[in-house]
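Notes follow once the structure below has been shown.
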Amino acid sequence: MPIRGRKGYTLVEIMIVVAILAILMSVAVPNYVKSGRVASRNTCISNLRQIDGAMEQWAMNKNIPTGTVPNSIQEDEIYSYVDGGKPTCPSKGEYSLHAVSSKPQVTCSREDEGHKLPV
């Protein structure tokens, strides 16, 4: 003889599960989004360091005087010192090269979001 009993969940049980899932999502989603922004910022800073080092190396190899702002042809030469060519900002920012030995020598258009070299 089959045992009769509950065969499903009550509405209250389902609502409790949904409420718990909503609470977990409200904590997890903002942290996930923030981690993506932090990773993009850190990648951009790494790119800025590579470009800065490439610019220093280029200036030393070519005997470029301090204060010289590279033109577009010289920028291509500088990026040849970067492994993999010209890096791109993961947040779609644009890199700008400034005068040799200036601080900073390179900036990102997303600087206001923390995409900048530490001083």
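Under the simplified labelling scheme, the residue 25-residue 66 pair shows an inter-label distance of 5.8 nm, with each label point 7 Å from Cα along Cα→Cβ. When each of the peptides 112-118, 44-50, 22-28 is scored by the mean number of other C-beta atoms lying within 10 Å of its residues, the order from highest to lowest reads 44-50, 112-118, 22-28.
Computed packing ranks the peptides 91-98, 10-17, 71-78 as 91-98, 71-78, 10-17, most packed first, by mean other Cβ atoms within 10 Å. For the pair residue 14 and residue 111, the difference between a 0.36 nm per residue extended length and the Cα-Cα distance amounts to 30.2 nm.
Multiply the residue separation of residue 34 and residue 96 by 0.36 nm, subtract the distance between their alpha-carbon atoms, and state the gained length in nm to one decimal.
Result: 19.7 nm gained on full extension.
With contacts defined as alpha carbon pairs under 8 Å and 6 or more residues apart, what's the relative contact order of the chain in percent? Could the numbers behind the result be given before it?
Details: 111 pairs, mean separation 31.5, N = 119.
Computed value for the chain: 26 percent relative contact order.
Counting lysine pairs in the chain whose alpha carbons fall under 23 angstrom apart, excluding pairs fewer than 8 residues apart on the same chain, gives 9. The magnitude of the dipole of the chain, with charges of +1 and -1 set on the Cβ of Lys/Arg and Asp/Glu and taken from the Cα centre, is near 900 debye.
Checking [x] 44; [y] 66; [z] 63 against percent of Cα pairs over 18 Å apart calculated from these atoms, the matching label is [z].
A short reminder: the numbers here are calculations on the coordinates, not readings from a lab. This one's a predicted model, so the numbers in the text were calculated from it and none came from an experiment. Every residue, glycine among them, receives a Cβ derived from its backbone with ideal geometry; neighbour counts consider all protein chains shown.
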